[in-house]
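*Asks:* My questions all concern the structure below.
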Amino acid sequence: MKTTAALIETEHLLGAHNYKPLDVVLTRGEGVFVWDIEGNRYLDCLSAYSAVNQGHCHPKIFKAMVEQAQKLTLTSRAFRNDQLALFYEEIAALTGSHKVLPMNSGAEAVETAIKAVRKWGYEVKGVAADQAEIIVCANNFHGRTIGIVGFSTDPDSHDGFGPFAPGFRIVPFGDIDAFRAAISENTVAFLVEPIQGEAGVIVPPAGYFAEVRELCTKHAITLVLDEIQTGLGRTGKLLAEEHEAIEADVTLIGKALSGGFYPVSAVLSNSEVLGVLKPGQHGSTFGGNPLACAIARAALKVLTEEGMIENSARMGERFMTGLTDIRSNIIREVRGRGLMLAVELVPEAGGARKYCEALKARGILAKDTHGDTIRIAPPLVITAGEVDWALEQFAAVLAST
Ligand SMILES: *Cc1c(COP(=O)(O)O)cnc(C)c1O
């Protein structure tokens, strides 16, 4: 068997260097834990960016995947399959949506929404041809396609990849006056994350989204909530919009929609927006395939049936309280909702990466983001005992300077 060092060396030699992972080579996962090839066990505090909310290798999702894989995996949408309608029915009932469009990656769901709201703008709202504008937020993260990185404000994501598509206006996140000022007669949509994940778990000011909702309704603007990371229990509710007591016109989900087994994403909306797409105007070879649908159905079922959303709320509160109680001169702020948490360190701490390395040595995998922030997002099946153990490790690492 190749050693850790040898595998890392091969990756370095042959792979594009578009990631800078922690040097741990994982080979197995179960629930909240993963194991490296040397047999060390870690508590996963990233959950593949919230794609494994249901825990690693959930046996019921695995079973659904294997059973479906033995029957039928892909038909393309040229023909129908017997899983798609059931997936539509279950996701629509769960989220209260009227229309569903299945895709694969999160970025594809975002691209789909952009296409749909533009077409809706021309055909329903009456915007002049090619004049549609979509308002987005500074420090957004919506994926990596050319269409999406064109309106990213992160230089790493954006710079050097142009030319980009026009039609996007960028406003600060959480600033209702800036949003109001950016609205024009050509505004077709506001695309926004309920909590900015990649930006470092930025929670908006109370009441922001209620006002956003009001302005969108008043000016016939489609409110598109990107819940690819915040959705499906991560924040302690099925969708993060519930914390704001609002409803989006279009909701994007992905990541945990498959519990980490397969790329599955979806655009959820009312009939008016997705209704503008006619045969031949949008599609995906793999989108809505029977394997994806069977996996997503099982992933949604265990999420609700096994009380994971409620556990996320309870354990999130416990984790947050514990982090807030840590006495340390290097912690600037603890923030988040449910099990979507972050600890921001003071600049003098010298960056979050070395604390993530120290956590790794103590059996916790967490990810640094934007230099000074440690993100904490374990699978939603974490127990109180595991939270308490994790808190001891965080306390030890953050106090030891
Ligand atoms: C991860 C993510 C995406 C992109 O999903 P991919 O599956 O990586 O394309 C989009 N929006 C948000 C908020 C995300 O967290």
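The values are calculated or read from the model by the stated rules, or taken from the named source; none is laboratory data. All values reported here derive from a predicted model rather than from experimental measurement. A quick note on method: Cβ atoms are made from the backbone with ideal geometry, for glycine too, and the neighbour counts reach across all protein chains shown. Only protein heavy atoms, including side chains, enter the accessible area calculation; ligands, DNA and RNA are left aside. Shrake-Rupley method; radii C 1.70, N 1.55, O 1.52, S 1.80 Å.
To keep it simple, each residue is scored yes or no on (1) over 17 Å from SER47 (Cβ atoms); (2) in contact with a Pro (Cβ under 9 Å, 6 or more places away or on another chain).
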| site | (1), (2) |
| --- | --- |
| GLU242 | yes, no |
| ILE253 | no, no |
| VAL264 | no, yes |
| LEU268 | yes, no |
| SER284 | yes, yes |
| LYS301 | yes, no |
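*Asks:* Name the one entry in LYS99, LYS71 that is open to solvent by 60 Å² or more (accessible area, probe 1.4 Å), more than 20 Å from VAL267 (Cβ to Cβ) and out of contact with any Phe, Trp or Tyr (no Cβ under 7 Å at 6 or more places or on another chain).
*Replies:* LYS71
*Asks:* Mind counting the residues in segment 98-145 that are within 13 Å of the ligand (Cβ to nearest atom) and either of a type in the set (Ser, Thr, Tyr) or outside any strand (DSSP E or B) (or both)?
*Replies:* 18
*Asks:* Can you tell which of HIS12, HIS17 is out of contact with any strand residue (DSSP E or B) (no Cβ under 9 Å at 6 or more places or on another chain) and part of a loop (DSSP other than H, G, I, E, B)?
*Replies:* When all the criteria are applied, what remains is HIS17.
*Asks:* Specify which of the listed residues (ALA220, ALA296) is surrounded by 24 or more Cβ atoms within 10 Å (Cβ to Cβ), among the hydrophobic types (A, V, I, L, M, F, W, C) and either in contact with a Pro (Cβ under 8 Å, 6 or more places away or on another chain) or more than 25 Å from ALA342 (Cα to Cα) (or both).
*Replies:* ALA296 is the lone residue from the list that is surrounded by 24 or more Cβ atoms within 10 Å (Cβ to Cβ), among the hydrophobic types (A, V, I, L, M, F, W, C) and either in contact with a Pro (Cβ under 8 Å, 6 or more places away or on another chain) or more than 25 Å from ALA342 (Cα to Cα) (or both).
*Asks:* Identify, by number, the condition in (1) touching a helix residue (DSSP H, G or I) at 6+ places or on another chain (Cβ under 8 Å); (2) small (Gly, Ala, Ser); (3) free of Cβ contacts under 8 Å to residues at least 60 places away in the same chain that GLY307 doesn't meet.
*Replies:* (1)
*Asks:* Follow-up question, since we're still on this one. May I ask you to list the residues in segment 112-156 that are out of contact with any Asp or Glu (no Cβ under 9 Å at 6 or more places or on another chain), without any contact (Cβ under 8 Å) to a residue 40 or more places away in the chain and of a type outside the set (Gly, Ala, Ser)?
*Replies:* Within segment 112-156, ASP130, ARG144, ILE146, VAL149, PHE151, THR153, PRO155, ASP156 qualify.
*Asks:* Is it the case that VAL267 is more than 16 Å from the ligand (Cβ to nearest atom), open to solvent by less than 10 Å² (accessible area, probe 1.4 Å) and either among the aromatic types (Phe, Trp, Tyr) or touching a residue at least 24 places away in the same chain (Cβ under 8 Å) (or both)?
*Replies:* Against the criterion (more than 16 Å from the ligand (Cβ to nearest atom), open to solvent by less than 10 Å² (accessible area, probe 1.4 Å) and either among the aromatic types (Phe, Trp, Tyr) or touching a residue at least 24 places away in the same chain (Cβ under 8 Å) (or both)), VAL267 does not qualify.
Results for (1) assigned by TED's automatic domain parsing to the domain that holds ALA361; (2) within 16 Å of the ligand (Cβ to nearest atom), shown as yes or no for each residue.
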| position | (1), (2) |
| --- | --- |
| LEU43 | yes, no |
| SER47 | yes, yes |
| MET65 | no, no |
| LEU72 | no, no |
| ARG77 | no, no |
| ALA85 | no, no |
| GLU89 | no, no |
